[in-house]
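The values are calculated or read from the model by the stated rules, or taken from the named source; none is laboratory data. Just so you know, these numbers come straight off a predicted model, no measurement behind them. When we count neighbours, we look across all protein chains shown, and the Cβ atoms used for this are built from the backbone with ideal geometry, even at glycine.
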Amino acid sequence: MSNFLAIATVTEALKQILDATMGRDVPGANATAVRPTESGGKGVNIYLYQVSPNPAWRNEDLPTRRDDGTVVQRPRAALDLHYLLTFYGEESNLEPQRLLGSVVSSIHGQPVLTRQQIRDAITNAENGFLNGSDLAEEVELVKFTPIPLSLEELYNLWSGFFQTSYSLSVAYQASVVFVEGMEIPRRALPVLERNIYVATFRQPIVEEISSIEGSNSPIVFGSRLVIKGKRLRGEVTRVLMGGTEVEPEEVNDTQISLALPASLQSGVQSLQVAQKVMMGTPPEAHRGVESNVAAFVLRPTITSINDATKVVSISPTIGQRQRVVIILNELTELAENSPAAYTFVLPSRDADTNEISIPISGVKSGTYLVRVQVDGAESLLDVEDGAYAGPKVVIE
């Protein structure tokens, strides 16, 4: 860990290291850490001109908080520090160049900031302004690498220093420097028991959905479904339909059979096979793998028609927002008569219902076959002796 003093500690440690080295190589040279000036004293000036997130560590601390805002772990910013080292001295004696050679040699020979160097920098800092810094306890050590700046980049950088002429300079990057917050996370209790589970990945595949009466038979309210596919049997197998989880009655690797749930509404329905895994102490079913999504059409069924009130009873229940269409076709035995046909789109309902009324306004008298469409799924007609025979309603 390293607190808010980490950045200043790196700068001070670098300054003290270079100050000792240059004093030996170029007598009278000193290291400073101020803004670059027009002409400084003999020595090197260290200026932190940019701080950027470290790309390798920037998201290492996520997540830092739970959904209720409490701290999971201390937030930790990973930073790269960009330094501009500027050299001053007598140009006639090439002191800036001699200082540059001394600094490059020193950093290249020891590019890692050791823990002892950090502790010495904290101890020797004037007025103790680094007291409390804990950078020396950080696991990751700070490393210095040169930054190759082009002529254009150097020009842009020095242009930011108002009324300051260019001096011989070189750039270095210090990486990685961590700055941690002071929040104390709430720690959960340790895990009481550890269980390890190994399972092979066997995703089920649904290939066909049909009625138990045959693949060409319509699926209606009260039907039994047959699901065919591959790898359908799991440790715990369930079938998801219209937001309802159903436990199948018969399951094997290639086929599942089950009854339709009574809560399912007419229309196009989606279906998935879900295989759960028993885990925990005691074992409980947990989400495992799910199959592809397949679809089938559940047709509504007209159970009765009241000729007096023209009320049609339908199963399953029609939802409040489902689109309902009534289709009337006149039933006549006279070939010369053109049978009448009517289509009525009913308005939305205030609540779910099993009964709807047939509009008879503008309908001529006669006997009519009745069909109901619910969200595009159409009810079936009764067939007798090769002809449609019902359900029907008499309109006078």
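Go through (1) farther than 30 Å from T237 by Cβ; (2) not in a loop (DSSP other than H, G, I, E, B) one by one and return the number of the condition Q320 breaks.
Tallying (1) farther than 30 Å from T237 by Cβ; (2) not in a loop (DSSP other than H, G, I, E, B), Q320 fails exactly one: (2).
Specify the residue that is surrounded by the most Cβ atoms within 10 Å (Cβ to Cβ); the eligible residues are those in the range 63-117 that are among the charged types (D, E, K, R), without any contact (Cβ under 8 Å) to a residue 60 or more places away in the chain and not in a helix (DSSP H, G or I). Reasoning before the result, please.
Pass one, the range 63-117, residues among the charged types (D, E, K, R): 65-68, 74, 76, 80, 90-91, 95, 98, 115.
From what's left, without any contact (Cβ under 8 Å) to a residue 60 or more places away in the chain: 65-68, 90-91, 115.
Subset that is not in a helix (DSSP H, G or I): 65-68, 90.
On the way: R65: 14, R66: 11, D67: 6, D68: 5, E90: 10.
Here the answer is R65.
Given the criteria at pLDDT 90 or above and under 18 Å from I46 (Cβ atoms), does D134 qualify? Full working, then the answer.
Working: at pLDDT 90 or above: yes; under 18 Å from I46 (Cβ atoms): no.
No: the conditions fail for D134.
If we scan the range 379-394, do we find a residue that is under 48 Å from the mean Cα position of the chain (by Cα) and either farther than 21 Å from L331 by Cα or not assigned by TED's automatic domain parsing to the domain that holds I305 (or both)?
Of the range 379-394, the ones under 48 Å from the mean Cα position of the chain (by Cα) are 379-380.
Still in the running and either farther than 21 Å from L331 by Cα or not assigned by TED's automatic domain parsing to the domain that holds I305 (or both): none.
No.
Are there any pairs with C-beta distances below 8 angstrom linking a residue in the range 243-257 that is free of Cβ contacts under 8 Å to residues at least 24 places away in the same chain and not assigned by TED's automatic domain parsing to the domain that holds S270 to a residue that is assigned to a strand (DSSP E or B) and surrounded by 10 or more Cβ atoms within 10 Å (Cβ to Cβ), with the two at least 6 apart or on different chains, and if so which?
Filtered contacts from the range 243-257: no entries.
F144 - would you say it is buried (at least 18 other Cβ atoms within 10 Å of the Cβ), of a type outside the set (S, T, N, Q) and either modelled with pLDDT under 95 or closer than 26 Å to P55 by Cα (or both)?
Values: buried (at least 18 other Cβ atoms within 10 Å of the Cβ): yes; of a type outside the set (S, T, N, Q): yes; either modelled with pLDDT under 95 or closer than 26 Å to P55 by Cα (or both): yes.
Here the answer is yes, as F144 does meet what is asked.
So, in the range 135-179, how many residues would count as being closer than 15 Å to W57 by Cβ and among the small types (G, A, S)?
First, the residues of the range 135-179 that are closer than 15 Å to W57 by Cβ: 138-143, 173-179.
Within this subset, residues satisfying the condition of being among the small types (G, A, S) are 174-175.
Residues that pass the stated criteria total 2.
Out of the residues in the range 223-254 meeting the condition of being of a type in the set (D, E, K, R) and assigned to a loop (DSSP other than H, G, I, E, B), tell me which one is farthest from V198 (Cα to Cα). Outline the logic, then answer.
At the first step, the residues of the range 223-254 found to be of a type in the set (D, E, K, R) are 224, 228, 230-231, 233, 235, 238, 245, 247, 249-250, 253.
Of the ones still in play, those that are also assigned to a loop (DSSP other than H, G, I, E, B) are 231, 233, 235, 247, 249, 253.
Values: R231: 18, R233: 18, E235: 13, E247: 25, E249: 28, D253: 21 Å.
Among them, the one singled out is E249.
Tell me, which residue of the range 243-275 that is hydrophobic (A, V, I, L, M, F, W, C) and more than 25 Å from V374 (Cα to Cα) is nearest to the chain's Cα centre (by Cα)? Full working, then the answer.
Keep residues of the range 243-275 that are hydrophobic (A, V, I, L, M, F, W, C), which gives 246, 251, 256, 258-260, 262, 264, 268, 271, 273-274.
Restricting the remaining residues to those that are more than 25 Å from V374 (Cα to Cα) gives 251, 256, 273-274.
On the way: V251: 34, I256: 33, V273: 24, A274: 22 Å.
So, considering only residues that are hydrophobic (A, V, I, L, M, F, W, C) and more than 25 Å from V374 (Cα to Cα), the one nearest to the chain's Cα centre (by Cα) is A274.
Which of the residues belonging to the range 343-361 are touching a strand residue (DSSP E or B) at 6+ places or on another chain (Cβ under 8 Å), more than 12 Å from I314 (Cβ to Cβ) and exposed (fewer than 14 other Cβ atoms within 10 Å of the Cβ)?
T343, V345
Under 7 Å between Cβ atoms, which residue pairs at least 6 apart in sequence (or on different chains) link something in the range 168-194 that is in contact (Cβ under 8 Å) with a residue 12 or more places away in the chain with a partner that is part of a loop (DSSP other than H, G, I, E, B) and of a type in the set (D, E, K, R)?
V176/E140; F178/E138; F178/E140; E180/R74; G181/R74; E183/R74; P185/R74
Quick check on my filter: what residues within the range 63-89 are out of contact with any Pro (no Cβ under 9 Å at 6 or more places or on another chain) and of a type outside the set (G, A, S)?
From the range 63-89, those out of contact with any Pro (no Cβ under 9 Å at 6 or more places or on another chain) are 63, 66-69, 75-76, 81-83, 85; that's our starting set.
Matches in the range 63-89: P63, R66, D67, D68, P75, R76, L81, H82, Y83, L85.
Could you check the range 9-46 and list, in sequence order, the residues that are surrounded by fewer than 18 Cβ atoms within 10 Å (Cβ to Cβ), touching a Ser or Thr at 6+ places or on another chain (Cβ under 8 Å) and not in a loop (DSSP other than H, G, I, E, B)?
D25
So, in the range 224-242, how many residues would count as being touching a residue at least 60 places away in the same chain (Cβ under 8 Å) and within 23 Å of Q373 (Cα to Cα)?
Of the residues in that region, 1 qualify.
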